[in-house]
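The block underneath contains the structure these notes are about, expressed in structure tokens.
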Amino acid sequence: MIDSSLLNVDKPARYMGGEVGIIRKEVAEIRFVLAFPDVYEIGMSHLGFQILYNILNSHDWLAAERIYSPWPDREDQLKAGGAMLTTLESGLPLADVDIIGFTLQHELSYTNIVNMLRMSRIPLLAEERLDTWPLVLGGGPCAYNPEPLADFFDAFLIGDGEEAVCEIAALCREAKKNGTTKSDLLEKLAEIAGVYVPSFFRVEYLEDGRLKEIIPLKMGIEKVRRRFLADLESAPYPTAPVIPFMKTVHDRVSMEIGRGCTRGCRFCQAGYIYRPLRERSPEKILESVAATLKHTGYEEVSLLSLAAGDYGCLTPLLKELMNSYAESRIAISLPSLRVGTLSEELVEEVKKVRKTGLTLAPEAGSERLRQVINKGITEDALLQDANAAFSAGWRLIKLYFMIGLPTENMADIEAIVDLSKRVKSEGRASKTGGDVNVSVSSFVPKAHTPFQWEEQISYEGILQKQEYLRNELKKRKLKFKWHDAPLSVVEGAFARGDRRLGKVLVEAVELGCRFDSWGDHFSFSKWQKAFATAGIDPRYYLRARGIEEVLPWDHIDSGVSREFLLKERALSMDGVFTADCRNNVCTGCGVCDFKEVKNHLAAVDGELSSGQSKPLESSEAAQDAVGRIRVRYSKIGKMIFLSHLELLTLFIRAVKRADIPVKYSQGFHPHPKFSFATALSVGVESSAEYLDIEVAPDFTADSLKKALNGSLPEGISVLEAWKIDPKSPTLSMIMDTVRYRVTVPENAGIIDLAAGAARFMELDSYPFFRVKKNGEQHYDLRHELHDLTVDSNSLTMEIGRGKPLEFVSAITGTSIKDLEDCRIEKLEVIFKDSFLHI
């Protein structure tokens, strides 16, 4: 059933489902919903979400489904209609599933979690959810300090989830079969490595507000040690992921080449909680990339790791990827290159297709402060990287810094300006020129790092340093981006907060806080009111912590020992560098057992080959030869919610997946040579959409029809395809009129449709204008109406310019807004003379 209400929200593709790669199961013993507490285009860019979706759905008895936080317009719409949140796969209300697994990527998404539960009419507090309610789980980097969310969650998974999620689901399956109570189920879950059940611990506080003690309530569960995935090589990777219709934040193949990092940057939580380093072999990467490109049709591959430049086989891997895909116009990006790893060889390979974005992260402006944080990079190395990039043709480099790092002084802030200026000078010195953007965030101390005891920079301190940077960078014509101070205050409070913050969250949601990481949605005044109502000062959580103080996360074992973190903290204050443990120099962090849990480094065994054949066309003559195929296709069902731009992306990817030898434009960003007749309005069904595609001259129309229909999603079908002369007029030139059918619903209140139609046809003229971005558009509706017939509650019309509902409104006297529930079908396009098949 089509949900027509989606026509009244921004970006309906967020909620429509039906994507290529979606897995629907009519029957399942357990329904495990993966819940992402942010908007769809953010969640669909998260690789971990796709990995778990693939793993869970590999079991016949288990159905993984998805849900994302609704944008405020959709939330208002659901509330007004008394509707609840439902999954994209089966449309099941969230309250009716077995397990809800929230991903905890950042602290500013916490209000969305509470709101999603509330919108689903699920009791917020875990203690209020009895046996009939879904089990609510959390996992991800923020689970390493789960305490601010402890009141809302039944359990958390600490660490890698690939194996543990299936164990959790299997236990829930057994409990469901046997009628096991929730309390007994939680006891069983607590036996799974990495699972933390908050209700099995009690927290006591001192009179001054500090934690007194974290008391385990179950024998044998004093601490919860994180779950380790020992080997990334054999871990499942989703080569046939769900492919969004709309543009997402990371619209590409995300290939995880390594997990973990050995560098030991002291500010970086990910560098500690994802230890040890586990790299995939280049052979496995090439195999997975080839399969994923075949299933997705993406035009970019991003090699993901905390430090992709450190990957041991990067140069041979990159060479083989470029050899295989450069002529197919597939770009390779390295979003996490470390300063000092950008060799000339790497630059030359990456730029072969197009120059993807380049971000370099010095983190601190001065050499002294980089030693404190163990960044281990020099100014000379940064300038060499910048010069190499600019000389290779990059026009823009983004520099990333932090303010508020331990021991920071104004000289370090001044050094940010000076270093940024010197990087820009490298652009001027190169033959091609270049610009620099400077992005500065505020350091927030995180759990399980050497800086977990440090004081966070104050609100006033952030503003002062930002103002200095804004003025000084502007003088040097450097663009400056910053992280708003109020967001850092709230993030900092929850990053090192405790269970008392749960009541702040509930109050903030009641006040309307949502999407707090989106600056235009964040309301500091609402948060201040929420903290005040709960009787809590957020600044309390930004303070320095004593070494002997009980920390809220002390019962969570990340694998890195407390002794090691304290040693690193002491070394940082002395500016002493700790070496990278990649090269068998153990720093004694405590993670590895050197049997199963240890660094796994990739190595090249022989010559690399992706197994992909190179494109056949290479000569200029082959590039000039062209065939042109005209296609008529339908757009029905859920596909009516797609915009023209989303439809274009859909066809580009379908052509790639179908391996159709389509022709490309020339230039820096080549694109397939498609030509649509017109842009169909969102919400209109059609069996008369037309598209011209330029292909290799020997590729037949029948082959194209068959290949495309095997690659297009449900709701889009090629109905006809035929070859035309490459020099034929374009579709837009030969279109004359269009025939539509508009069916008016009974609740529209239109009494006599036939009488209205007759009156309109008797008119000589009906002037009309439409307000557009570039001004008013004037035309005469009566002159543009070439034919009109009435059948019961429908109007069939042949029109030139104008939209169908504009004509229905004029005929019936009903406003266009009141006609939004009409069904609109595009039946036929009438072309001039016989140009269509030329």
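The values are calculated or read from the model by the stated rules, or taken from the named source; none is laboratory data. Nothing here was measured: the structure is a model prediction, and the numbers come from that model. Reconstructed Cβ throughout: ideal geometry from the backbone, glycine too, with neighbour counts over all protein chains shown. Heads up: the accessible areas ignore ligands, DNA and RNA and are worked out on the full protein's heavy atoms, side chains in. Shrake-Rupley method; radii C 1.70, N 1.55, O 1.52, S 1.80 Å.
Tabulate in residue order the Karplus-calculated ³J(HN,Hα) for segment 174-179, using 6.51 cos²θ - 1.76 cosθ + 1.60 with θ = phi - 60°, rounded to whole Hz; enter x for Gly and Pro.
Result, ordered by residue: 5, 5, 5, 5, 8, x Hz.
Remind me, what semi-axes does segment 363-483 give for its equivalent ellipsoid, largest first in whole Å, using sqrt of 5 times each Cα gyration tensor eigenvalue?
Working: eigenvalues 142, 53, 24 Å².
Semi-axes, largest first: 27, 16, 11 Å.
Taking amide H positions as placed 1.01 Å from N in the peptide plane, with prolines and chain starts having none, which residues 5 or more places from A688, or on another chain, fall under 5 Å of its amide H?
K635
So what does S90 come to for accessible area, using a 1.4 Å probe and Å² rounded to 10?
60
What residues from segment 1-33 fall in the zone where the backbone N is under 18 Å from a label point 7 Å along the Cα-to-C-beta line of K817?
Answer for segment 1-33: 5-10.
Return the tail of the calculated pair distribution for the chain, meaning the percent of Cα-Cα pairs more than 52 Å apart.
Details: 74948 of 350703 pairs.
Here the tail beyond 52 Å accounts for 21 percent of pairs.
Report the rotationally averaged projected area of segment 375-436 based on its alpha-carbon convex hull, in square nanometres.
Result: 4.2 nm².
Note down the net charge around R280, summing +1 for each Lys or Arg and -1 for each Asp or Glu among other residues with Cβ under 11 Å from its Cβ.
-3
Kindly provide the helix-only [θ] at 222 nm of the chain, computed as the sum of -39,500 (n - 2.57) over DSSP H runs of four or more divided by all residues, to the nearest 500 deg cm²/dmol?
The helix-only estimate for the chain comes to -9000 deg cm²/dmol at 222 nm.
Out of all DSSP beta bridges in the chain, what portion is antiparallel? Express it as a percent rounded to 5.
55
In whole Hz, with x marking every Gly and Pro, tabulate ³J(HN,Hα) for segment 458-463 from phi via Karplus 6.51 cos²θ - 1.76 cosθ + 1.60, θ = phi - 60°.
So the Karplus estimates, Gly and Pro as x, are 6, 4, 5, x, 4, 4 Hz.
Which cysteines does the chain leave without a neighbouring Cys Cβ under 4.7 Å?
Here C142, C166, C172, C261, C313, C513, C581, C586, C589, C592, C822 come out as lacking a disulfide-compatible partner, given the Cβ-Cβ threshold of under 4.7 Å.
When the solvent-accessible surface of protein heavy atoms is calculated with a 1.4 angstrom probe, in what order do M219, M402 fall, highest first? Before the final figure, lay out the partial values.
Numbers: M219 185, M402 15 Å².
Correct descending sequence by accessible area is M219, M402.
Based on Cα positions only, what radius of gyration and what Dmax would you give for segment 1-79, in angstroms?
13.6, 37
Over the Cα atoms of segment 211-334, how large are the radius of gyration and the largest Cα-Cα distance (Dmax), in Å?
Final numbers for Rg and Dmax: 18.5, 63 Å.
For segment 43-197, give the share of DSSP beta bridges that are antiparallel, in percent and rounded to the nearest 5; count only bridges with both residues there.
Numbers: 3 of 11 bridges.
Close to 25 percent.
Taking K and R as +1 and D and E as -1, what net charge do the other residues with C-beta under 9 Å from the C-beta of E825 add up to? Kindly include the intermediate steps, with their values, before the conclusion.
On the way: positive: R741, R823, K826; negative: E685.
Combined, the nearby Lys, Arg, Asp and Glu give +2.
Using a 1.4 Å probe, how large is the accessible area of K481, given in Å² and rounded to the nearest 10?
120
Run the numbers on the chain and let me know its relative contact order in percent, using alpha-carbon pairs under 8 Å that are six or more apart.
Reported as a whole number, the value is 11 percent.
With every protein chain left in place, what is the accessible area of W133 in Å² (1.4 Å probe, nearest 10)?
Approximately 80 Å² for this residue.
In terms of modelled amide H atoms, which long-range or inter-chain residues lie less than 5 Å from the amide H of D557?
V224, R225, R226
Of K375/K503; K421/K663; K247/K803; K375/K479; K247/K663, which pairs sit farther than 32 Å apart, going by alpha carbon to alpha carbon?
K375/K503; K421/K663
Could you state the accessible area per residue of the chain in Å², with a 1.4 Å probe and every protein chain left in place?
42
To check my understanding: the extent here is largest minus smallest coordinate of the Cα atoms along each principal axis. What are those three numbers for segment 106-240, in Å, largest first?
So the extents along the principal axes, rounded to whole Å, are 53, 35, 33.
Could you list which residues have their amide H under 5 Å from that of E65, counting only those 5 or more apart in sequence or on another chain, with H placed in the peptide plane?
Counting only residues 5 or more places away or on other chains, the set is F32, V33, L34.
Could you order E607, E426 so the one with the most accessible surface comes first? Probe is 1.4 Å. Walk me through the numbers before you get to the answer.
Details: E607 175, E426 45 Å².
Of E607, E426, the descending order of accessible area is E607, E426.
Using each residue's phi in segment 798-806, evaluate 6.51 cos²θ - 1.76 cosθ + 1.60 at θ = phi - 60° and report the 3J(HN,Hα) Karplus result to the nearest Hz, with x for Gly and Pro.
So the J values, rounded to whole Hz, are 10, 10, x, 6, x, 9, x, 5, 5.
Can you list the equivalent-ellipsoid semi-axes of segment 111-155, largest first and in whole Å, using the square root of 5 times each Cα gyration tensor eigenvalue?
18, 12, 9
Express the carbon and sulfur contribution to the solvent-accessible surface of segment 784-838 as a percent, rounded to the nearest whole number, probe 1.4 angstrom.
Whole-percent figure for carbon plus sulfur exposure: 44.
For all pairs of alpha-carbon atoms in segment 1-158, what percent lies in each bin of width 10 Å, listed from the first bin to the last filled one?
Computed distribution, short to long bins: 10, 42, 38, 10, 0.
Order Y664, Y205 by their accessible area, 1.4 angstrom probe, all chains in place, largest first.
The ordering from most to least exposed comes out as Y205, Y664.
Which residue, G101, P72, L88, has the largest displacement toward the positive end of the dipole of segment 1-135 when charges sit on each Cβ (Lys, Arg +1; Asp, Glu -1)?
Working it through, the farthest residue towards the positive pole turns out to be P72.
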